[in-house]
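Undergrad: The structure is given below, and queries will be raised subsequently.
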Amino acid sequence: LFHRRAGFSANGMGVWNVPEERIMEVAPLMASFRGISHCYQRPTYEDWPYSVFTMAHGRSKEECDAILDSIAEEAGIEDRRTLYSSTEFKKVRLLYFTDAHKEWEAEHS
């Protein structure tokens, strides 16, 4: 499915400050929401407390925000930021289990 052709032109990365002891409870809940394609735990830092990242897809920023707001309400997590892309520098569809690596090696060895 090509999401832009299907009308899903907006996406927002929800970054969540989830207490360490709640991550295993909350992350699967977040991942279960329709419109969420990715859900990851990442390290936190002194100046970056956000430990769970979710990618929301919608037809508008408002729809992405509604998805993330629903997650916040159901999970009981209030500290969230939403990161929207400003410029796309690269986007490629990865193909697995192809012979492309053999072709590359033949050209470059």
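The values are calculated or read from the model by the stated rules, or taken from the named source; none is laboratory data. Because the structure is a prediction, the values reported are computed rather than measured. A quick note on method: Cβ atoms are made from the backbone with ideal geometry, for glycine too, and the neighbour counts reach across all protein chains shown.
Undergrad: Whether any residue in the range 85-107 is in a strand (DSSP E or B) and in contact (Cβ under 8 Å) with a residue 24 or more places away in the chain is what I want to check.
TA: Checking the range 85-107: not a single residue is in a strand (DSSP E or B) and in contact (Cβ under 8 Å) with a residue 24 or more places away in the chain.
Undergrad: Regarding A100, is this residue small (G, A, S), at pLDDT below 90 and surrounded by 12 or more Cβ atoms within 10 Å (Cβ to Cβ)?
TA: Considered against the rule, which asks whether it is small (G, A, S), at pLDDT below 90 and surrounded by 12 or more Cβ atoms within 10 Å (Cβ to Cβ), A100 comes out as no.
Undergrad: In addition: Has the range 6-23 got at least one residue that is modelled with pLDDT under 95, outside any helix (DSSP H, G or I) and more than 16 Å from the chain's Cα centre (by Cα)?
TA: Yes, the range 6-23 contains at least one residue that is modelled with pLDDT under 95, outside any helix (DSSP H, G or I) and more than 16 Å from the chain's Cα centre (by Cα).
Undergrad: Quick check on the range 43-67: of everything there that is touching a helix residue (DSSP H, G or I) at 6+ places or on another chain (Cβ under 8 Å) and in contact (Cβ under 8 Å) with a residue 40 or more places away in the chain, which residue is nearest to E78 (Cα to Cα)?
TA: T54
Undergrad: Using the structure shown, decide if Y45 is within 24 Å of M30 (Cα to Cα) and over 17 Å from the mean Cα position of the chain (by Cα).
TA: For Y45, the condition - within 24 Å of M30 (Cα to Cα) and over 17 Å from the mean Cα position of the chain (by Cα) - is met.
Undergrad: Something else about it: Do we have any residue at all in the range 63-76 that's of a type in the set (S, T, N, Q), closer than 14 Å to V26 by Cβ and modelled with pLDDT of 90 or more?
TA: yes
Undergrad: Note down all Cβ pairs under 6 Å where the first residue falls in the range 16-31 and is more than 13 Å from E78 (Cα to Cα), the second is part of a helix (DSSP H, G or I), and they're at least six residues apart or on different chains.
TA: Note: pairs meeting the criteria are L29/A75; M30/I71.
Undergrad: Can you pull out the residues in the range 26-67 that are among the aliphatic types (A, V, I, L, M), surrounded by fewer than 19 Cβ atoms within 10 Å (Cβ to Cβ) and part of a strand (DSSP E or B)?
TA: Result: I36, M55.
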